[in-house]
Amino acid sequence: MSTKVNMHEAKTHLSELGERVWRGERIVIAKAGKPYLDLLPHKPRRKPRRPGRLKGKIHISPDFEVTPESVLADFENDP
């Protein structure tokens, strides 16, 4: 559920509204009675992904894509 406050009230009670947002409440700031802004908590941006950083640290067996016949038979046979 969200709470709608007008712009003047938001300016007057910004600290309180900020605390409420951090506790999980959704606050919508209205201008002329219509939703104008959503008040959201700040979330730090993630660092850009750096492809290849695990290169040489992961080993994939040469038979990775080979499925043993016994396993295939278990899936294909009805119980």
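The values are calculated or read from the model by the stated rules, or taken from the named source; none is laboratory data. If you're wondering where the values come from, they're calculated on a predicted model, not measured in any experiment. Cβ atoms come from the backbone with ideal geometry, glycine included; neighbour counts cover every protein chain shown.
All conditions but one from (1) exposed (fewer than 10 other Cβ atoms within 10 Å of the Cβ); (2) over 30 Å from the mean Cα position of the chain (by Cα); (3) farther than 30 Å from M7 by Cα apply to A32; the one that does not is (3). Could we say that R20 is of a type in the set (K, R) and modelled with pLDDT of 95 or more here? Yes, satisfied.
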